[in-house]
1. For Trp97, Trp16, give the ranking by accessible area with the largest first, probe 1.4 Å.
2. Rolling a 1.4 Å sphere over the protein heavy atoms, what is the accessible area per residue of the chain, to the nearest Å²?
3. Using label points projected 7 Å from each Cα along Cα→Cβ, tell me how many nm separate Lys100 and Lys44, to one decimal.
4. Classify the stretch 377-445: rounded, prolate or oblate, from the alpha-carbon gyration tensor (a ≥ b ≥ c, eigenvalue square roots; a/c under 1.5 rounded; otherwise prolate if a/b is larger than b/c)?
5. Using the basic label-point model (7 angstrom from Cα toward the beta carbon), what is the Asp434 to Ser306 distance in nanometres?
6. Multiply the residue separation of Asp323 and Ala156 by 0.36 nm, subtract the distance between their alpha-carbon atoms, and state the gained length in nm to one decimal.
7. How large is the direction-averaged shadow of the alpha-carbon convex hull of the chain, in nm²?
8. What FRET efficiency comes out for Arg366 versus Ala73 if R0 is 25 angstrom and r is the Cβ-Cβ distance? Round to the nearest 0.05.
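The values are calculated or read from the model by the stated rules, or taken from the named source; none is laboratory data. These numbers were taken from a predicted model, which means no experiment stands behind them. Every residue, glycine as well, gets a Cβ built from its backbone with ideal geometry; the counts of neighbours run over all protein chains shown. The area values use the complete protein model at the heavy-atom level, side chains included, leaving out ligands, DNA and RNA. Shrake-Rupley method; radii C 1.70, N 1.55, O 1.52, S 1.80 Å.
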Amino acid sequence: MSQSPLHRQFPPHFVWGVATSSFQIEGAAHADGKGESIWDRFCKQPGAIADASNGDIACDHYHRLEQDLDLIASLGVNAYRFSIAWPRVQPLGHGGWNGKGLDFYERLVDGLRQRGIKAWATLNHWDLPQGLQERGGWNDRDTVHRFVDYARHVQARLGDRIDGLTTHNEPWVVATLGHDHGNFAPGIKSRKIAAQVSHHLLLSHGLALQALRADGAKSQLGIVLNLSSCVPATAMPEDIAAAAMADARGRRWYADPLFKGCYPEEVLAELGADAPVVEPGDMRSIAQPMDYLGVNFYTRTVVSASGADWGAKERGLPVTDMDWEVYPQGLTDLLCLLHRDYPELPPVYVTENGGAFRDQTFANGRVQDDDRIAYLRGHIAAVASAMQQGVPMAGYMVWSLMDNFEWASGYLKRFGIVHVDYKTLDRTPKASADWYRDFLQAWRG
Ligand code: FCB
């Protein structure tokens with residue numbers, strides 16, 4: 001392990017960012033012709049959101065764009081990862097386009113450019129138009145083609161100003177939490193549907209990449225996966241097997257098709273009759289070469305065959321406010337595993353990493369979030385360590401720029417390095433924002 005200060009362990013071209021997503025920060029749920037999304041609808045289900053809130057206002061980013069752009073610039077980052085709300089661009093997900101929706105994102109990418117910040121845009125960070133859900137959503141193969149049209153439409157208008165274009169954010173979450181567990185939109189509980197959804201998400205990614213390239217893509221194209229390092233709870237063979245299976249379901253189900261063009265056999269066998277319908281040519285379409293892989297990492301997963309809850313909190317390990325274990329070494333382990341399993345791995349960006357903590361706010365709106373600083377520092381060091389072991393790391397982005405709507409947890413969990421007062425919508429940088437800014441300043445030298 002190198003002894004040089006952490007900032008010196010990163011090369012000059014390294015990409016440093018902060019990340020957000022449309023539904024979590026924009027608000028303006030009905031502004032300028034925006035259509036309803038499946039998250040708008042899901043929030044209306046009694047009990048779906050912990051604090052019975054919704055994204056109608058969120059951080060009101062839609063109306064505070066200039067101020068937020070200045071905030072991003074004040075951190076000294078060279079990249080900003082955001083997502084485009086499909087229902088703003090195409091209210092029903094099929095049929096007519098809404099020019100005003102793309103006007104907003106044009107102001108966003110131009111504002112980033114003016115400030116010398118790279119634009120990293122995600123096309124699907126979960127807010128599917130409700131109009132498509134009514135036709136079957138991601139379970140319907142036609143949605144794949146609707147997504148390709150949407151991707152092409154966005155690229156035609158903004159592609160010359162987007163540095164990194166991501167098809168999907170965390171397809172596992174959309175498939176499994178949205179369609180099997182049902183605790184995320186659209187709230188469906190069917191393993192069979194979830195499996196089909198995962199296939200359609202991957203297929204739409206591959207077909208979109210083909211179409212975007214045929215149209216002359218100028219951005220780097222890729223996908224973002226949520227990955228965890230799965231470790232057995234004990235050295236017993238049953239636990240080792242259970243951990244391998246959890247890894248196959250969560251990581252290899254997505255990464256194997258992308259990099260090897262096939263689903264893991266053991267997961268197909270487990271799904272049996274619930275396995276997705278795969279048409280001839282689909283797997284080849286999915287396995288398009290990518291310019292980068294985005295990895296969202298929060299915690300490791302400890303697995304036991306008995307299915308007993310190996311909650312980190314119960315074991316007395318350090319956890320965040322999500323009860324997710326703080327374990328930076330898991331990020332190094334995961335990145336090295338990806339490099340080993342997929343030797344052709346393109347440049348890797350950690351596209352999300354961060355922690356929710358019970359921030360204490362002082363009278364001046366100031367938050368001294370030392371836990372978050374330690375979390376970020378530890379994980380940035382974990383990236384450096386993976387890089388030293390040969391993993392082609394290219395960037396790191398903090399989740400999140402500011403506190404925001406944390407899906408089923410509503411506004412109860414705060415991930416921001418900037419505090420948001422939900423009454424006044426005032427933004428106040430936390431100590432972690434200052435730490436990140438100072439770190440980046442040292443890195444620039
Ligand atoms: C990820 C999501 C992101 C955020 C973080 C905490 O799964 O991509 O939107 O909610 O978790």
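1. Trp97, Trp16
2. 38 Å²
3. Result for the modelled spin labels: 2.0 nm.
4. Since a/c reaches 1.5 but b/c is at least a/b, the shape of the stretch 377-445 is classed as oblate.
5. Those two pseudo-labels are separated by 4.8 nm.
6. Roughly 55.9 nm would be gained on extension.
7. Dividing the Cα hull surface by four gives the mean projection, 20.5 nm².
8. 0.75
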